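Some notes on the structure that comes next.
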Amino acid sequence: MSVQTEQEAARSLLSVERLAIEFGHGARRRRVVDELSFTLQSGRTLCIAGESGSGKSLSALAIMGLLPRAAATPSGAILFKDQELLSLPERHMQRLRGREIAMIFQEPMTSLNPMMSIGQQLEETARRHRIAAGSGAHQRAREMLEAVRVPHVERRLKQYPHELSGGMRQRVMIAMAMLTNPKVLIADEPTTALDVTIQAQILELMRDLQREFNTAMLLITHDMGVVAEMADEVVVMNQGVVEEQAPLRQLFTHPKASYTQKLLAAVPRLGTAGPLASKTERPVVLEVDDLKVRFPLRRERLFTTPKEVRAVEGVSFRLHQGETLGIVGESGCGKSTTGKALMNMLAFEGSARLNGQELNGLKGEALKAVRRDIQMIFQDPFAALNPRKSILELVGEPLLIHHRLALHEREERVAALLEQVGLPGDTMRRYPHQFSGGQRQRICIARALALKPKVIIADEPVSALDVSVQAQVLELLETLQRQYDLSYLFISHDMAVVERLCHRVAVMYSGQIVEIGSRDQVLHDPQHAYTRRLLAAVPVPEMDSRRDFKALLEAFESPNPIKPHDYIAPAQCYIEPNAGHFVAV
Amino acid sequence: MAALRIFLTMCRRPSVAVALAFIVIVVVASLLAPWIAPYDPNEQFFEGLTLEGAPLPPNATYWLGTDLLGRDLFSRIVYGARTSLIIGIVANGIAVVIGTLVGITAGFVRGWLGMALMRLTDLMMAFPALLLAIALAAILSPSLWIVALVIAMVNWVQVARVIYSETISIAAREFVAVERTIGASSLRILFSHLLPHLVPTILVWATLGISTTVLLEATLSFLGIGVQPPLPSWGNIIFESQSYFTSASWLVLFPGVAIVALSLSFNLVGDALRDELDPTLKGRR
């Protein structure tokens, strides 16, 4: 191949031209992707960014020839090495799929076969695409796992998907996708289900592999931070329409489309939040001392000491009136368990006092009475609302249970509550499925507010929402806090959101608080190694701040939370580098 | 008022309207059997058999033909509707009620009570249903109501199993946990939040079960421990004449069609009812 044709090939390895995707028939026909065009080159990364419903994932599926049957592509072309993929018969497509164009998905657990070991799955891929056969396949599987820096390769090969952590599974998925050395790698939200430090590892890994194999990468994401870290060129999509298409630098420095500007403005950025007044001189509403949550495990054998999962190990903090205390940490650190324990949804040890009243061990009427003062908002507004109840029934239920309000009084109160959270009062006859995710979260907030609580525990309340909606819900929470002098316990994994909202921040790691202090102390002057690591991993939606995540690539071994029943954990000691700033040593 | 509205919207679907009409016909026929049936169902007509003693095919006198003993098949089917409906509705109704109670209790209360109930269910499942029915029927001398009871005793097991697992999966959903945090009592959660989600399953069993019940009754009748002849039921008409299927196919065909049409009708109505009661499906069809 001459140099010139090689360059030619590099220029347009994959090109999508005026692609349109439609669903439905006749009058119900809906165009979900319209006039999408882009070209992808070897060794370069193109990001398709957009919120849910923008058509970004469907576009990726169209390239793979995996669109659902109900979808039609009335116009457009997808050219891969001068082959038109849309009209390619399935038999030919199968040869390309996985071999030339590989894909990784958001949820690695559902993409791996739970009945086959990691080794079997990798070797099968190698054999199916005739990369290697016999012991060669095993050799190839080993090499690929090493390439994605999976520790203890030989042992991993024998393990099954459920034995690996989320990050390790995603590494295996990447190894499988890269095994055939594909020309194009499509990654659909590859890090969305992962913790930030794991996300940083995976992103670093993908960059590395791309450099090594000169792969063209199509990265689909909703996270502008990931875009800034990875992309060479960006396509911004909204409701199936391309809003803007530009090189990364231009997009971030001079966004043209108003939608892009709005999107970039809505992204919470670490280090940009305004000052917040300290609330520590206000009275304490919630006092938590040495909170422990343990889940007993079934005995493995008779006469062995029973074991237990130590989800929360001795957490203590104070929450003041009108204050927001953020609890941050990665999945499995015990932050949600802490919230659930405080709501008495789980049995716990230790003490938690709400306005001086002990919550531990409350039952029946006493517990019911306490619930008027402490309420919770959950992460998934889809799951938190009974789909068979109308909004009136759902938001009005606490009023019925606690105050036995008559129907017309409830209607009035529910209408007022809905207006307060920014929904028209007359929507109360509708059912949850008729609302969008953001609106549903507003409904959940209205329900939590119905009893006029003093404390609201918000467990990842905006994590399931699109960024633009996220900003609105956060604003609502702030307004309500000012209005009712509410105290929030704000549980989140998102540092930027926490920075915006929280007066004080506690960092949790394997069931314990490793650092707690005012927002500025913890987020801007972190003392504990884990806090630093967490902050270093947050992708920043800024140009010229592309970070080197190499330091994070080495797996950080988290201690095993399963302990024998009689194990006594070493007491945690804190130092106080600044007033009100405590760091575990 | 709401019930009437649901009824009217259901009737808008042609298949449901036909099914409802058929159910009404069967109910009316069973209630007014003495006036509708042209003959006494147990009278053996001399001219109801050919000279060789074979039953007559459908003709002007005997609309659906006659059976092996020269009785009028149409009259027997009309009277049999009574038996089959009672067995189908009563027996299956009792089975669904018992099954639902056991399933919900075991799935919602859990603990030792749930454990005991589910082990009992497993035991019943492992035991051959027919053997149990035979034993019960032998102890209690067979009559229509006893047969219904026996069938209910055998059939509740499957319902309990299904409702149990449904209850567990719904109780594990997040909105149930949320209800607890707003202070809802267990009874409130059970009746206001769990039960509405179980209605579709219960309805499907209440309607689907009718056909299996009618068939089980037929089996028991065949074994001589079901509805006792000469009292007709759709099941025992078929079983009395099944060996003559090739020479007198109408004897099996007409009651067979009646059974299929009745259970199909109940299924269609049940499906429509389930959809109508589910607010998340509104405006999607």
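Within the same chain, lysines fewer than 8 places from A:Lys389 are excluded, and of the rest, those with a Cα less than 19 Å from its Cα are B:Lys282.
When the alpha carbon coordinates of the stretch B:142-268 are projected onto the principal axes, the ranges are 68, 29, 17 Å, largest first. Overall size of the stretch A:3-264 from C-alpha positions, given as principal axis extents largest first: 52, 46, 40 Å. Over the stretch A:374-450, Cα pairs under 8 Å with separation of 6+ residues give a relative contact order of 46 percent. Greater than 29 Å separation of Cα atoms is the criterion. Which listed pairs, A:Lys307/A:Lys454; A:Lys56/A:Lys340; A:Lys183/A:Lys256; A:Lys363/A:Lys452; A:Lys262/A:Lys454; A:Lys56/A:Lys158, meet it? Pairs exceeding the cut-off: A:Lys307/A:Lys454; A:Lys56/A:Lys340; A:Lys183/A:Lys256; A:Lys262/A:Lys454; A:Lys56/A:Lys158.
Near A:Lys335, which aspartates and glutamates are there with a Cα under 12 Å away, not counting those fewer than 8 places off in the same chain? The reachable aspartates and glutamates, counting only those whose Cα sits under 12 Å from A:Lys335, are A:Glu313, A:Asp459, A:Glu460. When only alpha carbons of the protein assembly as shown are considered, Rg and Dmax amount to 33.9, 114 Å. Among the GluC sites (Glu not before Pro) in the stretch A:453-555, those placed in a DSSP loop whose Cβ has at most 11 other Cβ atoms within 10 Å are A:Glu554.
Axis angle, to the nearest 10 degrees, between helix B:195-222 and the longest C-alpha principal axis of chain B: 30 degrees. Charging the Cβ of each Asp and Glu at -1 and of each Lys and Arg at +1, and nothing else, the dipole of the protein assembly as shown about its Cα centre rounds to 300 debye. For chain B, the longest principal axis of the Cα atoms and the long axis of helix B:250-277 meet at an angle of about 20 degrees. Over all other residues within a Cβ to Cβ distance under 14 Å of B:Val252, the charged ones net out to -1, with Lys and Arg as +1 and Asp and Glu as -1. Cross-link reach is defined here as a Cα-Cα straight distance under 15 Å, omitting same-chain residues fewer than 8 places apart; for A:Lys550 the aspartates and glutamates meeting it are A:Glu204, A:Asp208, A:Glu229. Projecting label points 7 angstrom from Cα along Cα→Cβ for B:Leu31 and A:Asp426 puts them 4.4 nm apart.
Here is the P(r) of the stretch A:374-450: all C-alpha pair distances, binned every 10 Å from 0, give 22, 59, 19, 0 in whole percents. Beta bridges per DSSP, both residues in chain A: antiparallel share near 60 percent. Considering helices alone, the calculated mean residue ellipticity of chain A at 222 nm is -10500 deg cm²/dmol, with DSSP H runs of length four and up weighted by -39500 (n - 2.57) and normalised per residue.
What is the average number of partner chain Cβ atoms found within 10 Å of a Cβ in A:214-224?
Per residue, the average neighbour count from other chains is 0.
Helix A:467-484 and the long axis of chain A differ in direction by around 10°, with both axes built from C-alpha atoms. Go through B:Ala60, A:Ser75, B:Gly107 and say which Cα lies farthest out towards the positive end of the charge dipole of the protein assembly as shown; charges sit on Cβ, +1 for Lys and Arg, -1 for Asp and Glu. It is B:Gly107. Per-residue Karplus couplings for the stretch B:7-24, computed as 6.51 cos²θ - 1.76 cosθ + 1.60 with θ equal to phi - 60°, are listed in order as 4, 5, 5, 5, 5, 5, 7, x, 4, 5, 4, 4, 4, 4, 4, 5, 4, 4 Hz, Gly and Pro entered as x. When shorter helices are ignored and each DSSP H run of at least 4 residues is given -39500 (n - 2.57), the per-residue value for chain B at 222 nm works out to -21500 deg cm²/dmol.
Every number in this text was worked out from the coordinates using simple rules, so none of it is lab data. Keep in mind that what you see is a predicted model, and the values were worked out from it rather than measured. Using ideal geometry, Cβ is built from the backbone for each residue, glycine included, and neighbour counts are taken over all protein chains shown.
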